[in-house]
Amino acid sequence: MTDEGISVFPYLRPKERRLSRVALNDVERVPSGVPGLDDLLMGGYVRDTTILLAGPSGSGKTTLGLHFLVNGASRGESGLLLSFQESPDRIAQMMCMLDPDTPRYIDDGLLYIEHILPLDVCVEETFHKLMAWCDEYGLRRLVVDSITDLLSGSDDELIVRDQAYTLVKLMEEKGVTTLMTYEMPQMSGSVTISEIGFSFIADAVIYLGFAEIESEMSKVIGVLKLRGGRHQTDLRELLVTERGLRVGAKFTGLSGILQGTPIGQYRETVEEILQPLAFINDFIDVLREGELDEEMRHEVLSNMKEQTEHVIRLLCEKYDIEYETVMSGAQEGM
């Protein structure tokens, strides 16, 4: 009911789908727009599917969605962000940080931002608007931020499940690749896919979270599910740069990241320390087994000292210890 009178929005039921020849062809992938993420996905998102971005507040879900939209616009694919929290101006500013050509994309009708206050949400009305926007804007990409805000009007679990299923199928019918964000309450702790809301209707689930690694909070990302395609199963660091997000190296040598308290050390750091130690071990063998003249003995001892200092500096840098403090303490103990 509005100032203009009463509006009725009938329930939209997805059409029954039959096997088509298109389904028998190779799966088409869509770039995510995030450097390194397509490697995790082994080619990108699957075209015309729904991807759930799940994680706590501040983990990068919205930014990941914006990367997807500006990447599509740069390729001539029209996209829309349906936002329930951030204002259109704030969203546009974030997009400009990711791609300075954002104003041109908006002017050219390749990027659209629609904002609805959570308290004003009518699910059926929003579905009708989405269907109209798909036709009017020629949408190929959609980001719903967030699915929780969109479907918050009902406490009935069956109704919410039905509404979520309807949204997914309607966008699938329109040939729209859809990203939906879902905010998880916990900052860390054991995470399983069954505990992530709406994962049952998503074709892919990407987890974004936090982990404390050596007294610093790091963002992490991993693909938990990708229906219809292969994907990497390792967890990676999610880095924040001046141009947005970037997926970094995997956490080699660490375990327990999803619990938020990893066990172990970075393997690359350990390897940096082991290599000079191996050199020192070889030098000791040379001194022990061979009869060296004074010049050779001096050279071997100099190399041992150089490698030992290298190890000490690596450890000091890794654990934020002053090198001079360590060396002066060693001299006092002699």
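Run down PRO103, PRO118, PRO10, PRO14 and say which single residue is modelled with pLDDT of 90 or more and over 24 Å from LEU235 (Cα atoms). Talk me through it step by step, then tell me what you get.
Numbers: PRO118 fails: modelled with pLDDT of 90 or more; PRO10 fails: modelled with pLDDT of 90 or more; PRO14 fails: modelled with pLDDT of 90 or more.
From the options PRO103, PRO118, PRO10, PRO14, the qualifying one is PRO103.
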I need the full set of residues from the stretch 81-91 which are part of a helix (DSSP H, G or I) and buried (at least 17 other Cβ atoms within 10 Å of the Cβ), in order please. ILE91
Residues that are over 27 Å from VAL70 (Cα atoms), surrounded by 14 or more Cβ atoms within 10 Å (Cβ to Cβ), modelled with pLDDT under 90 and not aliphatic (A, V, I, L, M): does the stretch 199-216 have at least one? yes
Scan the stretch 122-155 for residues that are farther than 19 Å from ALA202 by Cα and touching a Pro at 6+ places or on another chain (Cβ under 8 Å) and jot them down. GLU124
Checking LEU69 against (1) more than 20 Å from LEU245 (Cα to Cα); (2) in contact (Cβ under 8 Å) with a residue 12 or more places away in the chain; (3) assigned to a helix (DSSP H, G or I): exactly one of these is not met. Which one? (1)
Selection from the stretch 164-196 of residues surrounded by fewer than 18 Cβ atoms within 10 Å (Cβ to Cβ) and modelled with pLDDT under 80 yields PRO185, GLN186, MET187, SER188, GLY189, SER190, THR192, ILE193, SER194, GLU195
So which residues in the stretch 75-84 are under 23 Å from MET131 (Cβ atoms) and over 20 Å from the mean Cα position of the chain (by Cα), if there are any at all? GLY76, GLU77, SER78, PHE84
Look through the stretch 124-163, keep the residues that are part of a helix (DSSP H, G or I), buried (at least 21 other Cβ atoms within 10 Å of the Cβ) and among the hydrophobic types (A, V, I, L, M, F, W, C), and return whichever of them is farthest from the chain's Cα centre (by Cα). LEU130
When the stretch 23-69 is checked residue by residue, the ones that are within 18 Å of TYR137 (Cβ to Cβ) and crowded, with 23+ Cβ neighbours inside 10 Å are VAL30, GLY65, LEU66, PHE68, LEU69
Pair list, Cβ under 7 Å, 6 or more apart: the stretch 198-211 residue of a type in the set (D, E, K, R), other residue modelled with pLDDT of 90 or more and in a strand (DSSP E or B): ASP203/VAL46; ASP203/THR50; ASP203/ILE51
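Please specify each residue of the stretch 164-186 satisfying the condition of being more than 14 Å from LYS61 (Cα to Cα) and not in a loop (DSSP other than H, G, I, E, B). Give the derivation first.
Initially, the stretch 164-186 is screened for residues more than 14 Å from LYS61 (Cα to Cα), giving 164-177, 186.
ALA164, TYR165, THR166, LEU167, VAL168, LYS169, LEU170, MET171, GLU172, GLU173, THR177 - these are the residues of the stretch 164-186 that are more than 14 Å from LYS61 (Cα to Cα) and not in a loop (DSSP other than H, G, I, E, B).
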Kindly indicate whether any position in the stretch 42-54 is within 19 Å of THR166 (Cα to Cα), in the same structural domain as LYS225 (by TED's automatic domain parsing), acidic (Asp, Glu) and at pLDDT below 95. yes
Given (1) farther than 13 Å from TYR182 by Cα; (2) assigned to a strand (DSSP E or B), number of the condition LEU52 does not satisfy: (1)
Residues ILE221, ILE280, ILE273: which one is at pLDDT 70 or above and assigned to a helix (DSSP H, G or I)? ILE280
Pairs, first within 21 Å of GLU242 (Cβ to Cβ) in the stretch 25-54, second part of a loop (DSSP other than H, G, I, E, B) and charged (D, E, K, R), C-beta under 6 Å, six or more apart: none
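The values are calculated or read from the model by the stated rules, or taken from the named source; none is laboratory data. Bear in mind the structure is a predicted one, so any value in this text is a computation, not a measurement. With ideal geometry, Cβ positions are generated from the backbone for all residues, glycine too; neighbour counts draw on all protein chains shown.
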